[in-house]
Structures are given as C-alpha cells and as structure tokens.
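The values are calculated or read from the model by the stated rules, or taken from the named source; none is laboratory data. The shown structure was predicted, so the numbers you read here are calculated from the model rather than taken from an experiment. Using ideal geometry, Cβ is built from the backbone for each residue, glycine included, and neighbour counts are taken over all protein chains shown.
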Number of protein chains: 2
Amino acid sequence: MTVSIGIDVGGTKILAVRIEDDEVVAQELFSTPGKDMVGSAVAAVRELWTDDVSSVGAGVAGLVRFVDGVFVWGPHVPGSNVPVREVLEREFNVPAVVDNDANAAAWAELQLGAAQGRNDVLLVTLGTGIGGAVIADGDVYRGSSFAGEWGHMHYQANGLQCDCGKRGCWETVASGPALARIGREFNALNPEGQLAQRLRQGDFTAETITRAADAGDETARGLVSQVGAAFGQGLCSLIAIFDPEMIVVGGGLGSVGESLLGPARRVAADALHGGSHRPLPPIVVAGLGPESGAIGAALLSQERLARAS
Amino acid sequence: MTVSIGIDVGGTKILAVRIEDDEVVAQELFSTPGKDMVGSAVAAVRELWTDDVSSVGAGVAGLVRFVDGVFVWGPHVPGSNVPVREVLEREFNVPAVVDNDANAAAWAELQLGAAQGRNDVLLVTLGTGIGGAVIADGDVYRGSSFAGEWGHMHYQANGLQCDCGKRGCWETVASGPALARIGREFNALNPEGQLAQRLRQGDFTAETITRAADAGDETARGLVSQVGAAFGQGLCSLIAIFDPEMIVVGGGLGSVGESLLGPARRVAADALHGGSHRPLPPIVVAGLGPESGAIGAALLSQERLARAS
C-alpha cells in the first residue's frame, strides 16, 4: 500500500487529503488568512502525517515551475518564487512534487475521474476565475512551465479590469464574480423584478443566483445562461486551438451543471470552426469534486516515487 | 539517400519540392484554379516524380485527419472528406502522409529551420488568415486531429465577418486582408494624405502597404503596427495557453519582419499574464520561407517511412 498526502493551496484555504493507493481515507480543510503560504502548507501536511507516508504533493493556484517545485507567482496566493518543494522535502524527508492546482486536478480526473481512459483532454476550472490544464497524449502538458492559463486569454477589447492587472481577459466575463456583477447590474436596472424582491443588492452572489436558477427562477436562469454563453465562446476557442477529445469542467461554478453548461455547449456548437464537418467534443462536469486538486497532487507524488524506484 | 516529394496545397496553388535526404533539389509552383484538388495534387507530384522516390507527403490548408490522410474541410480549398493519402498511395505506390499545411511547416522548422533543438514551439502563420501548429515535447501535436486553428479563436464580440462563416475571429483583425481593409478605411478618411497620393483606393493591399512601410512611410508603418498589435494580443493569449519556449512566425505577412513583429512583441510583453514574473518567449521569423510546408510534408513522409522500417 502506498500512502501519500496531497494538499490544494488556494488564496485563503488549504485542503489536505491522505490517500492510501488511490482511496481518500482522510481530509481536512484549513483557513490560511496569513502571508506565510509555505508555513501553512507544512502545517496542513503535518496534520495528516504518519510515518508510513511515502510522498507528498501540493497543487498551488498560480504559476508553478513543476521541474523544481517553485511557486513563481499567482494573483491570489501570497509570495513569489517560493521553493515549496524544497521546503516540503526538507520538513518531511520524502519525495515531494509541487504543481499548478489545475494540473493536479486534471491528473486526478485522468486517473480516477471523468477523463479516465482518455488521452487528449482539457480541464477547465470555473470559479473565482478560470484555470485549466492540458492532458496531451495521456500526460500533463506544461509547455515551458505554465501552460493552461487560458482564463487570461484575450476576450474583449477595452474589456473589464481583471484580477491579473490586465483588461478584457476571458474570466472577466465567465466566472463567479462575473455572474455576481451581471446580477447586480440587472438588479439595478430592474429593482422591482421578482429576483430583486428576493435578493438585496449585496446578496447577488454567484451562489445565490445559481441557487435561484436551480429553483426555477427565470431571471436567474437568464443570468446564468449569459455567463454560460461567454464560457462556451471561450471553450470554442480552446477547441479550435487543441481539438481535444473531451473538455472536463471543474471548479465551484463549473459544477453547477446544465443551467450553465447547456448554454455553453450551444454557443460552442454554433461557433465551432468547421462545425458542420466535425463533432463538438463532449463537455462534461468533473467527476471528483473539490478534492480533485489535492487528490491529484498526492497521485502525482506517487507517480514521481514510482518513476524514481 | 532518401528521395521524397512534398507538396503544399493551398486554395489556388500547389508548391511541390523534391528533396534528397533534407536538401531541396527541385521545386515547382502550379496554379490550380479547378475544383479537383486531389487530381491537381497527383499531377504536381508526377511532375517531380522519378522511380527512386520512396515517399510522398502533402500539406493541405484546412482540417486534415492525419491518421488516415483525409482532407476534411477548409474554407479555401475545394472539396470535403477527400481521401488524399489513399489516392496518392494508389497512384504512386509508395507510403504517403497527408497533414495540415501548418503542421508540415512546423515539422520543417523543427528539423531544419528556426525551431531546431527546441521541444515546445508554436508555429503561427500570418497571411490570408492565421494558421498554426503545435510542437509539444519535440513532436507535432494534433489533439484529436485539428489542433492549431487559433486563427478562429474568439477575438472580438460582434466583430467582423470571417471567411470561416463566423464573426470576430482573431484573423479578421490580424491578416493580410485585415491590413488591406484598415488601409482602405484610413484612405477613405484621409484622401489627401501622402500615402493616398501614392496609392489609389484599389491599390491598398497588404503588399503595397508593407512595401511602403519598409520604404519608411509613416502612415503605412502605423497601419502595419496596428495589425502587429492585434497579432501580438493574440500571441499573448497563446503564450498564456501554451507557455511555449518559442513562437515561430511564418506566412507571407509574418515574414515582413520588425515593422510588424516589433509592435506584436511590445503588446505581447505588455499583456503577458504574470509578465513581471516570467520572460516573454522569443517571437522569431520562420527560417525556411514559403517552401516550409512542402519541405515539411516531404520530411514527414520520410519519418513515416523510417518508422515503418
């Protein structure tokens, strides 16, 4: 039996899992409001540590150099050029891997989730922003290091301000904050509407809007479908670029399901380059849920262990 | 010595080369105004044929299924679902490969051109439209079949009509026709300008404008740099998506050089995701010129021959 710990390091939270072979046997969520990302990462691993753990993996939101496990930079996670792998290996004295969080999640989806048995897959995570990872020929493809940052592809000239510091990135129109924003805009224009009677201005969040959509509110469904359409237009670009076998959609907003993915698929099918001569690849919801990044990080560390032996 | 013939099949022309090992020893350009693409392809190969030819390769502009060498569809080349490889192998009785023209050109650039010694490279061709190919881990990456069609990534909501039938694709603002269009628009607004005095309305083509830019005309330089900026913005998306080691720019307009690539690099550097934490990959002009597609097709056919033996 191979025992590993994987952690998924986000802006304010770390999710840690302990896996035995490929079964999750324990997991814990930590708040990390402080600036010491690597200290928080070490503390999270320690909580699930036992002496039979043979490898540790970390997925971190942002630009990670996989080859030496350095967190280079990310808009949401504190620090830059942090040698996370070196610190983990020194602290725990087992092999460690550190990768982008979406790469880790994609690896988990390929091994255990929606992409099992596939070779050429894109994972697209839709939440606070858009992240992603490329599976090419059955392995994670990183380019020089940072492939998959398509949340920041150009989507709109003179577009909205993005968290990354630029304007008009895809995630400015397709993300949780984008849904909340169009909700508030709609509400300001229609203060007497049914949705406005149930939600105050400050209550327009991605979560409340998607919940209202699920409950059948037509206005909320329209707002979700507007974000779904922008999401689908970007997916369509990714299909022209990669021609993947399958797109797996993860992330908090991505897991909303058909109210969002239905419109996304319709727009993607309509805008597909050469669309009458090729099928639209399946666009499916991730199989593993929010633990996928931590699970994938643990599995990547097992992979490294296997390759080393 | 291995003797191969490679052809590059465009909308109205076929370029054929005969190569001995990796030296071009003969080449010929054919006009193909008719509808019988595969007949024209066979005729072009036959012109350079001798009995010591051991393989034939074809690069075709459009969607090509490499695995069986079928030309599926393209906006500029007549026919759909044409079994080009089957026809070539039947006619010439040697192994043949048929690939997308940009994939073939990228393979040539990797073997003999600007991308020698690299592993992760994008070829972006800029001409009538934008084409491209992905080199991943030292090999052509095709996804399911059609990867690299980023000329049709979404660039502008409610944008201009594209030849592909959709609107707002990247190539509607970055291509030879786009340069000619903004030239005519500028000219209509500034009929007394210096450039207008030298060029009549109908003379505003990508070629005349780039020639005027090269000769130092400031207006023409401004027009070229406007297209360069739109080109650089899209390249920047591709860098976020692939994080390549290098971008090789080919195609007629791509070979114009610094008057276009200078602005493209500046915009790409400025818009690069995490730009203060990573270098901009080199953006260089292709090394092989307009023969690269035909050469690459021949080399791919040699590769297939080598793998089979």
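See the values below:
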{"item": "Residues being part of a helix (DSSP H, G or I), more than 17 Å from residue B:149 (Cβ to Cβ) and more than 8 Å from chain A (Cβ to nearest Cβ) - total across region B:229-250", "result": "4"}
{"item": "Qualifying residue in region B:210-221 (condition: within 11 Å of chain A (Cβ to nearest Cβ), crowded, with 22+ Cβ neighbours inside 10 Å and either assigned to a helix (DSSP H, G or I) or touching a helix residue (DSSP H, G or I) at 6+ places or on another chain (Cβ under 8 Å) (or both))", "result": "no"}
{"item": "Odd one out for residue B:36 among (1) among the charged types (D, E, K, R); (2) touching a strand residue (DSSP E or B) at 6+ places or on another chain (Cβ under 9 Å); (3) modelled with pLDDT under 95", "result": "(2)"}
{"item": "Any hit, region A:231-239, residues being at pLDDT 95 or above, surrounded by fewer than 21 Cβ atoms within 10 Å (Cβ to Cβ) and more than 18 Å from residue A:129 (Cα to Cα)", "result": "no"}
{"item": "Qualifying residue in region A:256-264 (condition: within 14 Å of another protein chain (Cβ to nearest Cβ), within 30 Å of residue A:293 (Cβ to Cβ) and assigned to a helix (DSSP H, G or I))", "result": "yes"}
{"item": "Test: residue A:88 is aliphatic (A, V, I, L, M), away from chain B (no Cβ under 11 Å) and within 26 Å of residue B:159 (Cα to Cα)", "result": "no"}
{"item": "Selected residue (criterion: nearest to residue A:83 (Cα to Cα)) from residues of region A:26-35 that are in a strand (DSSP E or B) and of a type in the set (S, T, N, Q)", "result": "A:31"}
{"item": "Criterion: within 30 Å of residue A:162 (Cα to Cα), surrounded by fewer than 24 Cβ atoms within 10 Å (Cβ to Cβ) and more than 14 Å from chain B (Cβ to nearest Cβ) - qualifying residue of A:120, A:51, A:68", "result": "A:68"}
{"item": "Yes/no for residue A:300 being within 11 Å of chain B (Cβ to nearest Cβ) and assigned to a helix (DSSP H, G or I)", "result": "no"}
{"item": "Region B:273-286, subset at pLDDT 95 or above and surrounded by fewer than 21 Cβ atoms within 10 Å (Cβ to Cβ), residue farthest from residue B:3 (Cα to Cα)", "result": "B:280"}
{"item": "Scope region B:167-193; condition assigned to a loop (DSSP other than H, G, I, E, B) and surrounded by 19 or more Cβ atoms within 10 Å (Cβ to Cβ); matching residues", "result": "B:168, B:173, B:174, B:175"}
{"item": "Any hit, region B:150-158, residues being more than 10 Å from chain A (Cβ to nearest Cβ) and surrounded by fewer than 24 Cβ atoms within 10 Å (Cβ to Cβ)", "result": "yes"}
{"item": "Candidates B:224, B:284, filtered to the one that is more than 14 Å from chain A (Cβ to nearest Cβ) and assigned to a strand (DSSP E or B)", "result": "B:284"}
{"item": "Residues of region A:267-279 classified as within 18 Å of residue B:169 (Cα to Cα) and either more than 11 Å from every other protein chain (Cβ to nearest Cβ) or of a type in the set (Lys, Arg) (or both), total", "result": "1"}
{"item": "Candidate set from region A:123-147 (those that are closer than 19 Å to residue A:253 by Cα and surrounded by fewer than 24 Cβ atoms within 10 Å (Cβ to Cβ)); member that is farthest from the other protein chains (Cβ to nearest Cβ)", "result": "A:127"}
